[in-house]
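Read the figures in this text as sums done on the coordinates, not as results from a lab. Since this is a predicted model, take the numbers as computed values, not measurements. In this analysis, Cβ positions are derived from the backbone assuming ideal geometry, glycine residues included, and neighbour counts consider all displayed protein chains.
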Amino acid sequence: MSRQKGYWSFRLKDYGTGYLFMLPWAIGFSAFVGFPVGWSLFNSFNNVRLTNDGFKYEWVGLENFRRVLTEDNIYPIQLLTYFQEMLLIIPLILIFSFFVSLLLNQRLPGRSLIRAIFFLPVIFATGQVLMELFGQGAGKLPFIAQYNLDGVIREFVGPRIAEPLLNVLSKAVIILWYSGVQILIFIAGYQTISRSVYEAIRIDGATPWESFWKITLPGMIPFIGLNAIFTVVDLFTFPFNPVMYTVRDNMFRPQTGYGYASAQAWMYFLLILFLLGAVLWITYRSVIKRGGFR
Amino acid sequence: MRITEGYYQVKMNIRQYMQSRQAGRVKKVLLGQNLNDGWLAKVLIYFLLAVIAFLYLQPLFYMMSTMVKSVSDLIDPVVQWIPRKLHGQNLADAWRGLHYPEAFTNTLVIALSCSLLQVISCAITGYALARLRFPGKAAAFILIIITFMVPPQITIIPMYTIFGKLGWLNTPLVFIIPAMFAQGLRGALFIIIFRQFFLTQPKALEEAAKMDGASAYRLFFRIMLPLARPAIIVVFLFSFIWYWNMYYEPSMFLNKEFLPLSLRLNLMQQELMGNSAINFNAGVGKDPISEGPKMAAAFLIILPPLIIYTFTQRWFSEGIERTGLVE
């Protein structure tokens, strides 16, 4: 009996330390994340009006969501276009950063200098400064205008394919500048594949081409998943994206109000969660197939 | 007859040469044993890297060259990269327009204090998640991952109201207090980085310390935290730079007082747009009168992170490899 008691008091002390370490986070989470998120969820089911003595709530249930889906003729379309664009851009960012990190991973003289240049986006990509530069057109790919690639592409592949292609090319800058952290993560990922595996496969007579497909790529799948998640979060919580602008504008417009804007923001959030779930599921499946999750 | 014979001779010579050892050496130098150590591959890799590096550096060069151009140089289509003479007026204008010393101090106070606090609070949380045992740990971890994904628009108005009630608006407290409680800018990501780092550390160290009678707090502050140096450096640098560059949050919370550099840049831009009565092709965004000062201002803003970066870039690239973020 007393032994049992001793065990429990030990356990409680043990747990107590854990909770004490988690305490700052728990306070912060409930005050700065849990409460605001809960409040905005509550708002999305209400008609919120700002009066002199604070917020006035009027419970409307799912009315706000219904209005966003059926009456709003801008937001759903904007949301869908943005998602389409992102579905195109995210794989491109991943491929680009994978490719660049492969190049940077080679043993080259002057590698540290080259790496320093390639991590520059980590510094700027979040800033107002970058927006400013793009506003000035400094971020455009120089060779597109120089060689009149627009016209060439239009002529060769026909307008239907040319349109999305050019769209992506004009976004090339975003792809370039939003792959800084991803390149870092990929390079770190290469270090986890041990050198002896490559040696072994070379002795067995595999070409570098084969060793890339058989060793490097499968070994990198968890990092591709990690990067996909990071890219999704990075691009979707980016405050300057058009969807966010609409939500922000609606917050301060009296006809729509904060409740309506919250409903919009929540639909957006649910879509992101859905996308992330898909990414996680795909990564998980492809890792399982290899046998084992790290 | 003779011609065909001669031709045959030459052909044989070539074939012999191709099979000789010398040719093998040439081939090895050009193509290499691996895909990546031949000269041909190296030249190709360097070429590709140079092209991409140019794309990265181009905006920076553009900024620096526009910064020292006078208006006449900017209008002149002949002048592309190198201005006719160095023009310092833009920098002086930007210095005044940004209220540089004041805005610089504001930004520095926010970025430095928040990133330091964030390092400590996130390290504590990450350690708890990696090493301590308590019920509800998995749930807490999931909540942290979800925190990372919440778009700022969802929480910004409730936060604004809360901060307004507390009277923190337009003071640096709006950033310092959340950072203190591990909820700063991308705090969730940093918690995950610390968690991954502590997971990679050997358990024997802790057991030994516990055996010697160290309490959990002593163990953490005396042993684990000093060990976490690579993770601390990475988190601090990222945190500092993200706080330095943030725009959206201060535009909501700090719009009257304590303006950081990013907001000053925006204000300056509006001022310049308003003042220049002759607005050349407005809407396109390229306006020769305001372009110089704007680029100078942008340069002044990125200069401090750039200086820090030149000294610490080794840690950026190597630190991440060592944090075990990727285990």
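Points to keep in mind about this one:
- Along segment B:155-172 the Karplus relation, 6.51 cos²θ - 1.76 cosθ + 1.60 evaluated at θ = phi - 60°, assigns HN-Hα couplings of 9, 5, 6, x, 5, 4, 5, 4, 4, x, 4, 7, x, 9, 4, 6, 10, x Hz to successive residues, with x for each Gly and Pro.
- In this structure the amide hydrogen of residue A:46, modeled in the peptide plane, comes within under 5 Å of the amide hydrogens of A:60, none closer than 5 places in sequence on its chain.
- Taken one residue at a time, the phi angles of segment B:149-154 give Karplus couplings (6.51, -1.76, 1.60, θ = phi - 60°) of 9, 5, x, x, 5, 5 Hz. Gly and Pro are set to x.
- Under Karplus coefficients 6.51, -1.76 and 1.60, residue-wise ³J(HN,Hα) of segment B:249-259 in Hz, glycine/proline x: 5, x, 5, 8, 9, 10, 8, 10, 10, 6, 6
- Value of Rg/Rh across segment B:94-231 [Cα atoms, Kirkwood radius]: 1.07
- Of B:242, A:281, the sequence from fewest to most neighbouring Cβ atoms within 10 angstrom is A:281, B:242.
- 10 Å Cβ neighbours from other chains, averaged over peptide A:259-271: 2
- Each residue in B:104, A:118 was given a count of other beta-carbon atoms within 10 angstrom of its own, and listing them fewest first yields B:104, A:118.
- Likely footprinting exposure, B:257, B:102, fewest C-beta neighbours within 10 Å first: B:257, B:102
- For segment B:99-323, the square roots a ≥ b ≥ c of the C-alpha gyration tensor eigenvalues yield an a/c of 1.5 or more together with a/b exceeding b/c, which makes the shape prolate.
- For the cross-link pairs B:85/B:294; A:13/B:203; A:56/B:256, the ones whose C-alpha atoms lie over 22 Å apart are A:56/B:256.
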